[in-house]
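J.: For reference, the structure I am asking about is given below.
The values are calculated or read from the model by the stated rules, or taken from the named source; none is laboratory data. What you see is a predicted model; the values in this text were computed from it and never measured. Every residue, glycine as well, gets a Cβ built from its backbone with ideal geometry; the counts of neighbours run over all protein chains shown.
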Amino acid sequence: MPEFRAQLQVRLRPGVLDPAGQAVGHALRDLGFSARDVAVGKLLELTLEASSRDAAEEAVRRMAAELLVNPVLEDFALEISPR
């Protein structure tokens, strides 16, 4: 069965408080950098076997819905590529 590589980028939805992003932004400004609107998210990378790219995408979307992403607070972007 073919293998696929998935990258799932998870970010807080607009308007959701991001204390980690605020802390990083303050620290960068304290160091003299002019960083604004810093956001902290997460990147999940995984390899999976699937019969097709579409099947791999569907599997990762189910993973996101059931475990990896909080749909109330977070949005995600997904990239699937052959391995």
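J.: Condition (residue is in contact with a Lys or Arg (Cβ under 8 Å, 6 or more places away or on another chain) and over 21 Å from Leu73 (Cα atoms)) applied to region 9-24: is it met by at least one residue?
T.: Looking through region 9-24, none of the residues is in contact with a Lys or Arg (Cβ under 8 Å, 6 or more places away or on another chain) and over 21 Å from Leu73 (Cα atoms).
J.: Can you pull out every residue in region 46-83 that is touching a residue at least 12 places away in the same chain (Cβ under 8 Å) and closer than 11 Å to Val10 by Cα?
T.: Ala64, Leu68, Val69, Leu73, Glu74, Asp75, Phe76, Ala77, Leu78
J.: Test each condition in (1) surrounded by 10 or more Cβ atoms within 10 Å (Cβ to Cβ); (2) modelled with pLDDT of 95 or more for Leu31 and report the one that comes out false.
T.: Among (1) surrounded by 10 or more Cβ atoms within 10 Å (Cβ to Cβ); (2) modelled with pLDDT of 95 or more, the lone unmet condition for Leu31 is (1).
J.: Now, a different point. So, in region 2-15, of the ones that are in a loop (DSSP other than H, G, I, E, B) and surrounded by fewer than 13 Cβ atoms within 10 Å (Cβ to Cβ), which residue ends up modelled with the highest pLDDT?
T.: Top of the filtered list is Arg13.
J.: Also, quick follow-up: Those residues that are touching a strand residue (DSSP E or B) at 6+ places or on another chain (Cβ under 9 Å), surrounded by fewer than 16 Cβ atoms within 10 Å (Cβ to Cβ) and of a type in the set (A, V, I, L, M, F, W, C), I need them from region 64-77; list them, please.
T.: Hits for region 64-77 are Leu73, Ala77.
J.: When region 35-58 is examined, which residues are found to be more than 16 Å from the chain's Cα centre (by Cα) and either assigned to a loop (DSSP other than H, G, I, E, B) or of a type in the set (A, V, I, L, M, F, W, C) (or both)?
T.: If the condition is that a residue be more than 16 Å from the chain's Cα centre (by Cα) and either assigned to a loop (DSSP other than H, G, I, E, B) or of a type in the set (A, V, I, L, M, F, W, C) (or both), then Ala35, Arg36, Asp37, Leu48, Ala50, Ser51, Ser52, Ala55, Ala56 are the ones that fit.
J.: Would you check which residues across region 35-51 are surrounded by fewer than 12 Cβ atoms within 10 Å (Cβ to Cβ), modelled with pLDDT of 95 or more and not β-branched (Val, Ile, Thr) and list them?
T.: Leu43, Glu45, Ser51
J.: Which members of region 59-83 meet the condition of being closer than 20 Å to Val40 by Cβ and more than 13 Å from the chain's Cα centre (by Cα)?
T.: Scanning region 59-83 gives a single hit, Val72.
J.: List, please: which pairs have Cβ atoms under 6 Å, are six or more places apart or on different chains, and start with a residue in region 11-36 that is on the phi > 0 side of the Ramachandran plot and end with one that is modelled with pLDDT under 95 and surrounded by 12 or more Cβ atoms within 10 Å (Cβ to Cβ)?
T.: Close Cβ pairs (under 6 Å, with a partner that is modelled with pLDDT under 95 and surrounded by 12 or more Cβ atoms within 10 Å (Cβ to Cβ)) do not exist here.
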